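Everything on this sheet refers to the single structure shown next.
All of the numbers you see were taken from the coordinates with simple rules; none came from a lab. Model, not experiment: these values are computed from the prediction. All Cβ positions, even for glycine, are placed from backbone atoms using ideal geometry, and neighbour counts span all protein chains on display.
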Amino acid sequence: MSVLANINYLEWESDFFSLNTGRLEFSAQAPVLTQDRLEQFTVVHAKVASYDLLLIDNLTQLGFQFAEGEIDFKLPIGTENACENIAEIHFRTANETDIPLLMTTASAAFVQSRFRAPWYQEGDSSRFYALWVKKAVLGTFDDSCLLTMDRENKVTGFVTLRRISESEARVGLLAVMPNRTGQGIGKQLMSVAKYWCQQQGLSTLYVATQISNIAASRLYTQSGALIDSTTYWLYRG
């Protein structure tokens, strides 16, 4: 069975990784995906619903390989998820003076991701997420970066957030400082994220993680989120 898809050029990722990168956009009106079209790119990404086994098989025949699995969580924001403990959490919006610390933290926290060998070089994932958090602080990628603090005003973790519709937002990055793991900081960051949504008048918060990240999945479910979808990232290159 043929795969019908357009290949969208990913300009930002192509420039950042110095790899001519495309991503499949599946559509019944799209042309048949051929080897000749795929060969125009160094790397091609495909994000596929985990239940669509026929599409996965067909992409495999075109040379695609499994890169990573992803779980997307959906968290309703409202009175049932009101942040009663928000007054007990010390947090603030990150500013430009925080960028060096946050970039260093993100670089170490996100070593393992879908930007991995054999398609990407060692260190590419760290560089990508370090730049992501910088752009979040500057408001040029995600809308905001919020920091949790301890009683000595030292940063304990960060979460970035982006409004994606009139009623919805998405967590971009969430990380706990390496010396503060196991202290409930992740729960604080989720409370801060929910509070931000409430202040923005948003009703739904999405957050995704790798299927292999059991700790993150546990954090999100304990925060009231439910699984919304599971997908696989497949790469060809």
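What to note about this one:
- Shape of the range 47-121, Cα gyration tensor, a/c cut at 1.5: oblate
- Of the residues K74, K154, the one with the fewest other Cβ atoms within 10 Å heads the list, and the complete ranking is K154, K74.
- Choice from A216, A169, A87 with maximal GNM fluctuation in the chain (Cα, 10 Å cutoff): A87
- Reachable lysines from K154, criterion Cα separation under 18 angstrom, eight or more residues apart if same chain: K187
- Cα gyration tensor category, rounded, prolate or oblate, for the range 170-216 with a/c compared to 1.5: oblate
- Placing dummy labels 7 Å off each Cα toward the beta-carbon, the span from D52 to N85 is 3.9 nm.
- Under a Gaussian network description of the chain, with springs only between Cα atoms under 10 Å, the residue in D150, D36, D72 that fluctuates furthest is D36.
- In terms of its Cα atoms, the range 72-227 spans 46, 36, 31 Å along the principal axes, sorted from long to short.
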